[in-house]
Amino acid sequence: MSKILLFLWVTMFPIVFFSQESMDDFVDQFDYETRNDMKVSSKEMIDLINQKKAVLLDIRFEEEYQSWNFPFALHIALPDLPEKMNTLDQKTLYVTACPHNDRAIIAMMYLKSKGYKVKYLSEGLLKLADFLRGDNAKNFID
């Protein structure tokens, strides 16, 4: 898994940011603020959704989504993203998510390279499901 993520980092990350600045400059200027701006926690995302400032974009495969899902999420499977991204509003903040972040990070980088406002759910969908229990679920629905 770590080899796959390293491969994606090395091959895709430059594509995302190359048009905005050189990779050398990006790495030189990379700081905690930049790192934090790429991701959002479950609680932060729920707050943004409640304020209608973000949309959860579930990018799991169709079978995974059909097995269990969040009814408030927009679902576009990662392989379908290139052909369906024109249905997304570039002014909307999207939070990409999957169970363990591998596909969420790919989707975030891809959409960012196309000019979309996007972050990824740092805790993944499994932690989001854990977060949305009991009082947190009630508060979110109310």
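The values are calculated or read from the model by the stated rules, or taken from the named source; none is laboratory data. What you are looking at is a predicted structure, and each value in this text was computed from that prediction instead of being measured. We place every Cβ from the backbone using ideal geometry, glycine too, and count neighbours over all the protein chains shown.
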Qualifying residues in the range 89-142 (those that are buried (at least 18 other Cβ atoms within 10 Å of the Cβ) and basic (Lys, Arg)) - the one farthest from the chain's Cα centre (by Cα): 112
Looking only at the range 95-137, which residues are among the small types (Gly, Ala, Ser) and touching a Gly at 6+ places or on another chain (Cβ under 9 Å)? 97, 104
Test residue 103 against the criterion of being of a type in the set (D, E, K, R), modelled with pLDDT of 95 or more and either under 27 Å from residue 142 (Cα atoms) or part of a helix (DSSP H, G or I) (or both), and give yes or no. yes
Single residue of 44, 83, 33 found to be modelled with pLDDT of 95 or more, of a type outside the set (A, V, I, L, M, F, W, C) and exposed (fewer than 10 other Cβ atoms within 10 Å of the Cβ): 83
Could you give me the residue pairs with C-beta distances under 7 Å whose first residue belongs to the range 85-102 and is more than 19 Å from residue 53 (Cα to Cα) and without any contact (Cβ under 8 Å) to a residue 60 or more places away in the chain, whose second residue is of a type in the set (Gly, Ala, Ser) and not in a strand (DSSP E or B) wherever it lies, and which are 6+ apart or on separate chains? 98/104; 98/124; 99/124; 100/124; 101/124
Consider only pairs whose beta carbons are under 6 Å apart and that are at least six residues apart or on different chains; among these, list those whose first residue lies in the range 50-62 and is touching a residue at least 24 places away in the same chain (Cβ under 8 Å) and whose second residue is in a loop (DSSP other than H, G, I, E, B) and of a type outside the set (Val, Ile, Thr). 56/73; 58/73; 59/98; 60/98
